[in-house]
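Report on the following structure.
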Amino acid sequence: MADALLSNVTGELSNVTAALPNVTAELPLKTIDANLILYILFIVVIAYVLSWLLSFILMHVSERIGWYRTSITMIIPLLKLLIYLVALYYIVIALIEPSLTQMIAFSGLFGAAIGFGLKDLFADIVGGVVIIFEKPYQIGDMVTIGDKYGEVKDIGIRATRIQTPGDETVSVPNFTIFAQPVTSGNAGDLAMMIVIDLFIHPDSDAEKAMKILREALVTSKYVIISKKYPYTVLLDDFPFYKRIRAKGYVNDLRLEFEFKSEVTRRAWAEFKKEGIRPPSFVPPAGTSNGASEDVEA
Amino acid sequence: MAEDQRTVSGCPVIGLEKELQKITEAIDRVGSGAPAHIAIVSEPMGGRTTIVTEIRRIYGERVHYLPLEFVISPSCLPDFSTIPEDIILIDNCRFLALRRMGGFEVLDAFLHAQISSKKLFITTWNAFAWQYLSAVMNLDAYFPTIVTLDKMDTPVLKQMILSRYKPGEIRFFDDGAAQRSMFFSLIHKKIRLPLMANEISLPWIKLNFTVMLRRLPRKKRIQISIEDVIFEKINRIARGNPGVAILLWESSLKENTMSLASIHETPYAIDLDTNETFILTIILSMKSLHEKDLDAIAGSEMDIQRVLYRLVQQGLARDDTGYYSIPPFALGPAIEYLKKTKRLW
């Protein structure tokens, strides 16, 4: 029995060796006719429609589900990958019969194709698979990839789409995760920590300012506070100004800027009543996004 | 001690015996050191008044009772050291704080007075106000004994409601609503599809577990009376809230006869924006709040009139001469919605 098997394998191998010098000539590609092209087209369209429909339905469901929004959206990329893999499988078996010979020939051609022109595309696809399984971010997260910040709207096979606060859609190739650090503000959670910096004159009453900022934070309509989502208010002293920093979690990461604006506006209204002044020296831009605006106001 | 337990077991606080015992034990433990103050926490209509009445009945003259009716100013806080009684029972402590800038001063002053006093403070809190204040001000650190009144189970609810009547006074009428049910009943569910503006009606299969239990083989059969089915329905609609369940019972009872078909559930389709959910959360955690307090909480950024109109229009709030509260039957749906959107932590 074992001998018979061994002789079979040896036979196959010698066939392969014989076939290799003239691989292309012997590739038993099925006759490509109108029917086959229509069939492939049909599979591609079905796969595309199915993946679009699934992600559309799941996105819609996730929007209605409230707090567990991101738990639904995280399975979308995985389903998409599955659909495209199945489609690819059907296309391949429609074109060639998958025997060892063809597989070797196919992989040879495939390797050459990657080597020549498709290496970036292939790297993006591998990046997409890594994103799906390693989950450095998920659909719905607030992320910074390179210098782009925004909400992840879609994780595709080739690229990730991010919607920036300015409502621009940025396509970031999936390969980027290998080359650049990726920051996720909430890591799958719907609440996200927000840092709010206010700068006051060094002669102003910092203790009173801290109390006001704390109250502005905890009474905000956007805040969430619990043991899991704590808040804090900190003071830092600089030569020409004092910085009051509040850290708290916003209830829904889409309301990040409304939260910042509401807390800042109410805190400054109270600061003015209590005679707390802005500093005469404006801290350099970039210290905090909202800082320079506050001081100018 | 044994005498106290007897008093407790004989009192009319059905379903809250364990909680009352915990409170009486905490009161009896008070020695010469710092007293272990007590907080009684429950959802609106969750049974705080029953407990408070019972404490006042048991401890009588030892208790100084101080119910708060509205949001109080710092000057309204009494001087506790002049009160002769050794137990100070403050009802509705949610009115000590308001979720607005400068709204925590009274609570700060009260907590300071409480921890520097030798008297025992018993306070009652709305569960949602308590959750918020615990997260923000670490309120639970001031109260070594926290008694939470939980949701009520159907058998306890049945016992509580029926204890108000003489045996046989209430007739349970089997109108066949339970009998007609099959294992699976075909119902028509209204469903809103993503791409369509209007709701469509889809046939839906509903499993009927009560009937399934009845149809078990004779040996395993569980006897379910019509009473149990009725109380199960009342408790499901009231979501375990005893106050809401009693109201539902009273509104469904006709000439001392109760039938399954007379219990109606009000449907709510809640659709609110951030401002509306925020104001609903505030009304829920205060139970009842005057428009001017709501206006102060809303601030200049929010059009409070529009928000209140929307809440009243959706049946989630009602206006009693300027005081806004949540109608009892809307409590359950409103709490579910606010928990789903994480407005209640």
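No lab work stands behind these numbers, since they all come straight from the coordinates. Just so you know, these numbers come straight off a predicted model, no measurement behind them. Because the Cβ atoms are built from the backbone with ideal geometry, glycine has one as well, and the counts that use them run over all protein chains shown.
For labels at B:Thr274 and A:Leu82 in the simple 7 Å Cα→Cβ model, what's the distance in nm?
Label-label distance for B:Thr274 and A:Leu82, simple model: 3.6 nm.
Convert 10 °C to kelvin, take the viscosity as 1.306 mPa s, use the Kirkwood radius over C-alpha pairs of the range B:258-339 as Rh, and evaluate the Stokes-Einstein diffusion coefficient in µm²/s, rounded to a whole number. Kindly include the intermediate steps, with their values, before the conclusion.
Numbers: Rh = 13.3 Å.
Stokes-Einstein gives a translational diffusion coefficient of 120 µm²/s.
What do the square roots of 5 times the Cα gyration tensor eigenvalues come to for the range A:200-258, in whole Å, largest first, as semi-axes of the equivalent ellipsoid?
On the way: eigenvalues 122, 26, 20 Å².
Taking √(5λ) for each eigenvalue gives 25, 11, 10 Å, largest first.
Taking R0 as 22 Å, what FRET efficiency do you get between A:Glu134 and A:Leu234 from their Cβ-Cβ distance, rounded to the nearest 0.05? Write down the numbers at each step before the final one.
Numbers: r = 33 Å, r/R0 = 1.52.
The computed FRET efficiency comes out at 0.05.
So which aspartates and glutamates can B:Lys292 reach, going by Cα to Cα under 18 Å and dropping same-chain residues fewer than 8 places off?
B:Lys292 reaches B:Glu69, B:Glu276, B:Glu301, B:Asp303, B:Asp319, B:Asp320.
Of A:Ile155, A:Ile276, how do they rank once you tally other Cβ atoms within 10 Å and put the fewest first? Walk me through the numbers before you get to the answer.
On the way: A:Ile155 25, A:Ile276 22.
Listed from fewest to most nearby Cβ atoms, that is A:Ile276, A:Ile155.
Report the far tail of the P(r) of the range A:152-230, meaning the percent of Cα-Cα pairs longer than 22 Å. List each step's numbers first, then the result.
Details: 1561 of 3081 pairs.
Taking all Cα-Cα pairs of the range A:152-230, the fraction more than 22 Å apart is 51 percent.
Could you calculate the FRET efficiency of A:Val282 with B:Ala141 from 1/(1 + (r/R0)^6), where r is the beta carbon distance between them and R0 is 41 Å, rounded to 0.05?
On the way: r = 41 Å, r/R0 = 1.00.
About 0.50, to the nearest 0.05.
So what are the range A:111-254's ellipsoid semi-axes, whole angstrom, largest first, if each one is the square root of 5 times an eigenvalue of the alpha-carbon gyration tensor?
Values: eigenvalues 334, 55, 26 Å².
Equivalent ellipsoid of the range A:111-254: 41, 17, 11 Å, largest first.
Relative contact order for the range A:192-296: what is it in percent, counting Cα pairs under 8 Å that are at least 6 residues apart?
Working: 174 pairs, mean separation 40.8, N = 105.
With pairs under 8 Å counted, the relative contact order is 39 percent.
What is the log10 of I(q)/I(0) for the range B:2-148, computed with the Debye formula using one identical point scatterer on each Cα and no solvent, at q = 0.10, 0.16, 0.19 Å⁻¹?
Calculated log10 I(q)/I(0) at the listed q: -0.33, -0.86, -1.22.
For A:Lys148, list the lysines whose Cα falls under 25 Å from its own Cα; do not include residues on the same chain fewer than 8 positions away.
Those lysines meeting the cut-off are A:Lys80, A:Lys119, A:Lys135, A:Lys247, A:Lys260.
Show the residues, 5+ positions off or on another chain, whose built amide H is closer than 5 Å to the amide H of B:Val41.
Result for B:Val41 returns B:Trp125, B:Val147, B:Thr148, B:Leu149.
What list of ³J(HN,Hα) values in whole Hz, one per residue of the range B:81-97 in order, does the Karplus curve 6.51 cos²θ - 1.76 cosθ + 1.60 (θ = phi - 60°) give from phi, with Gly and Pro shown as x?
Using θ = phi - 60°, the values come out as 5, 8, 7, x, 5, 8, 10, 10, 9, 10, 8, 6, 5, 4, 6, 7, 9 Hz.
What full-extension length gain, to one decimal in nm, is calculated for A:Val44 and A:Leu118 as 0.36 nm per residue of separation minus the Cα-Cα distance? Walk me through the numbers on the way to the answer.
On the way: separation 74, 0.36 × 74 = 26.64 nm, distance 1.96 nm.
Going from the current span to full extension adds 24.7 nm.
Only sites in a loop by DSSP and with at most 13 other Cβ atoms within 10 Å count here; which trypsin sites (Lys or Arg not before Pro) in the range B:98-165 make the cut? Could you put the intermediate results ahead of the total?
On the way: sites: B:Arg99, B:Arg100, B:Lys118, B:Lys119, B:Lys151, B:Lys158, B:Arg164; in loops: B:Arg99, B:Arg100, B:Lys118, B:Lys119, B:Lys151, B:Arg164.
Passing sites in the range B:98-165 are B:Lys118, B:Arg164.
Determine the alpha carbon to alpha carbon distance for each of B:Lys151/B:Lys233; B:Lys22/B:Lys339; A:Lys228/B:Lys18 and list only those over 21 Å. The partial results should precede the final answer.
Values: B:Lys151/B:Lys233 15 Å; B:Lys22/B:Lys339 29 Å; A:Lys228/B:Lys18 30 Å.
From the list (B:Lys151/B:Lys233; B:Lys22/B:Lys339; A:Lys228/B:Lys18), the Cα-Cα distance tops 21 Å for B:Lys22/B:Lys339; A:Lys228/B:Lys18.
In sequence order, what are the phi-derived ³J(HN,Hα) couplings for the range B:248-253 according to the Karplus relation 6.51 cos²θ - 1.76 cosθ + 1.60 with θ = phi - 60°, rounded to whole Hz, with x for glycine and proline?
Karplus values, whole Hz, x for Gly and Pro: 5, 4, 5, 6, 8, 7.
For the range B:11-57, state the semi-axes of the equivalent ellipsoid (square roots of 5 times the eigenvalues of the alpha-carbon gyration tensor), sorted largest first and rounded to whole angstrom. Write down the numbers at each step before the final one.
Details: eigenvalues 90, 29, 15 Å².
With the √(5λ) rule applied to the range B:11-57, the semi-axes are 21, 12, 9 Å.
What average count of beta carbons from other chains do you get within 10 Å of the Cβ of residues in B:284-295?
Values: counts 0, 0, 0, 0, 0, 0, 0, 0, 0, 0, 0, 0.
What the average comes to for B:284-295 is 0.
Rg/Rh for the range A:104-166 to two decimals, with Rh computed the Kirkwood way over all alpha-carbon pairs. Working shown, then result.
On the way: Rg = 14.9 Å, Rh = 13.2 Å.
My calculation of the ratio gives 1.13.
What's the ranking of A:204-214, B:137-147 by average number of surrounding C-beta atoms within 10 Å, highest first? Before the final figure, lay out the partial values.
Numbers: A:204-214: 18.6, B:137-147: 16.6.
Put in order of decreasing packing, that is A:204-214, B:137-147.
Within the range B:27-84, list the chymotrypsin sites (Phe, Trp or Tyr not before Pro) lying in a DSSP loop whose Cβ has at most 16 other Cβ atoms in a 10 Å radius. Could the numbers behind the result be given before it?
Details: sites: B:Tyr59, B:Tyr65, B:Phe70, B:Phe80; in loops: B:Phe70.
Passing sites in the range B:27-84 are B:Phe70.
Determine, for each peptide in A:161-174, B:273-286, the mean count of other beta carbons within 10 angstrom over its residues, then list the peptides with the highest first.
Ranked from most to least packed, the peptides come out as B:273-286, A:161-174.
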